[in-house]
Amino acid sequence: MPEASPLGLLGGTFDPVHHGHLRLAEEAREALDLAEVRWLPAGRPPHREAPRVSAAHRLEMVRRAVADNPAFTVDDAETRVEAPSYSVTTLERLRAGMGGRPLVLLMGADAFLGLATWHRWRELFSLAHIGVAARPGFELSPEALPAELAGACADRLGADPCVLRAAPAGRVVQFAMTPLAISASLLRARLAAGLSARYLLPDPVREYIDRQQLYRD
Ligand code: ATP
């Protein structure tokens, strides 16, 4: 029986980080009783086109966004390598240093719906639990899941976060979060158009974007 409290892991491109990400991490911490949420900015994400700004800028924005929350930490390992950032590789590295501590890979419903396209995705269940947050515009009912994913999750799905403490990995727990239809794509589009990003992301991030002149067309 694992004794240490579950560690949340939030991977993403964070191009740029915004209040949707921050509320996801904060509400996951509360709903799933996580001791800490570790943020893992991707270096080169494998599932999408190249990020708009460098890994160094995205890492710096995440650092600024989480700086005032003692429960949030940042792991910069993926931003320091040239190879694509695969979650399974990152989880193998983290698992090797953590013994049987429960790990909870956090993601929004959109990311979860695409899980069966991830590199070695079935192995994720042996390395970590998955915590899935509702996200506006993405339906999470069992019928909405792609068949392959629904099959792999059939005996794993639930809403009771207590199961996360009972094993190091293997469960999929959904949780509700304040619906926020904010996305990095929306922010990139606004910034490129010269529109305000205020109140959609933290002020220290907005100031960094302004000072570095990021996302301008
Ligand atoms: P983009 O618009 O460029 O696709 P994004 O806003 O989805 O970016 P990512 O860095 O790709 O941001 O997302 C990291 C994680 O945060 C993913 O698991 C994603 O589902 C989740 N996420 C992002 N925004 C929200 C939101 N508004 N509500 C819930 N989850 C979110």
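Only the coordinates and a few stated rules stand behind these numbers; no lab work does. Here the structure is a predicted model, which is why all the values come from computation and not from measurement. Neighbour counts run over all protein chains shown; Cβ positions are idealised from the backbone, glycine included.
So which GluC sites (Glu not before Pro) in region 112-165 are both in a DSSP loop and have at most 14 other Cβ atoms within 10 Å of their Cβ? Spell out each step's value before the answer.
Working: sites: Glu123, Glu139, Glu143, Glu148; in loops: Glu139.
The qualifying sites are Glu139.
Given R₀ = 45 Å, what would the calculated FRET efficiency be for Glu92 paired with Asp210, taking r from the Cβ atoms and rounding to 0.05? Provide the component values of the computation, followed by the final result.
On the way: r = 38 Å, r/R0 = 0.85.
Given R0 = 45 Å and the Cβ-Cβ separation, E is 0.70.
Which angle from 0 to 90°, rounded to the nearest 10, does the C-alpha axis of helix 87-96 make with the longest principal axis of the chain?
Computed tilt is about 60 degrees.
How high is the relative contact order of region 1-62? Use alpha-carbon pairs under 8 Å, at least six apart in sequence, and give a whole percent.
Numbers: 70 pairs, mean separation 26.9, N = 62.
Rounded, it is 43 percent for region 1-62.
Could you pull the Cα extents of region 1-45 along its three principal axes, largest to smallest, in whole Å?
Computed over the Cα atoms, the extents are 37, 21, 10 Å.
Roughly how big is region 7-182's charge dipole about its Cα centre, with Cβ charges of +1 (Lys, Arg) and -1 (Asp, Glu), in debye to the nearest 20?
Numbers: 19 positive and 21 negative charges, 71 e Å.
Result for region 7-182 is approximately 340 debye, rounded to the nearest 20.
Pick from Ala42, Ala71, Ala134: which residue has the top mean-square fluctuation in a GNM of the chain where Cα pairs under 10 Å get a spring?
Ala71
Out of all DSSP beta bridges in region 7-182, what portion is antiparallel? Express it as a percent rounded to 5. All intermediate terms of the calculation are to be shown ahead of the outcome.
Numbers: 1 of 26 bridges.
Of the beta bridges lying entirely in region 7-182, close to 5 percent run antiparallel.
Please compute the length gained on full extension between Leu157 and Phe138, using 0.36 nm multiplied by the number of residues separating them and subtracting their Cα-Cα distance.
On the way: separation 19, 0.36 × 19 = 6.84 nm, distance 1.71 nm.
Residue separation times 0.36 nm, minus the Cα-Cα distance, leaves 5.1 nm.
State, as an integer percentage, the relative contact order of the chain based on alpha-carbon contacts under 8 Å between residues 6 or more apart.
Details: 385 pairs, mean separation 56.5, N = 217.
In percent, rounded to a whole number, it is 26.
Decide, for region 6-115, between rounded, prolate and oblate: order the square roots of the alpha carbon gyration tensor eigenvalues as a ≥ b ≥ c, take rounded if a/c falls under 1.5, and otherwise choose prolate if a/b is larger than b/c, else oblate. Write out the running numbers ahead of the final one.
On the way: a/c = 1.43, a/b = 1.19, b/c = 1.20.
Taking the square roots of the gyration eigenvalues as a ≥ b ≥ c, region 6-115 is rounded.
How much length is gained if the chain between Ala192 and Glu30 is pulled fully straight, taking 0.36 nm per residue apart and subtracting their Cα-Cα distance, in nm to one decimal?
Working: separation 162, 0.36 × 162 = 58.32 nm, distance 3.48 nm.
So the chain would gain 54.8 nm between Ala192 and Glu30.
In region 21-118, what GluC sites (Glu not before Pro) fall in a loop by DSSP, with at most 16 other Cβ atoms inside 10 Å?
Details: sites: Glu26, Glu27, Glu30, Glu36, Glu49, Glu60, Glu78, Glu82, Glu92; in loops: Glu49, Glu82.
Taking region 21-118 and a limit of 16 other Cβ atoms within 10 Å, the loop GluC sites (Glu not before Pro) found are Glu49, Glu82.
Expressed as a whole number of Å, what is the distance separating the alpha-carbon centroids of region 169-205 and region 51-116?
After rounding, the separation between the Cα centres reads 16 Å.
Per the helix-only calculation at 222 nm, which mean residue ellipticity applies to the chain, given -39500 (n - 2.57) for every DSSP H run of n ≥ 4 and division by its residues, nearest 500 deg cm²/dmol? Please report the intermediate quantities before stating the final value.
Working: 8 runs with 70 residues, N = 217.
So the calculated ellipticity at 222 nm is -9000 deg cm²/dmol.
Need one number: the % of Cα-Cα pairs in the chain sitting beyond the 27 Å mark.
Details: 6755 of 23436 pairs.
More than 27 Å apart: 29 percent of the Cα pairs in the chain.
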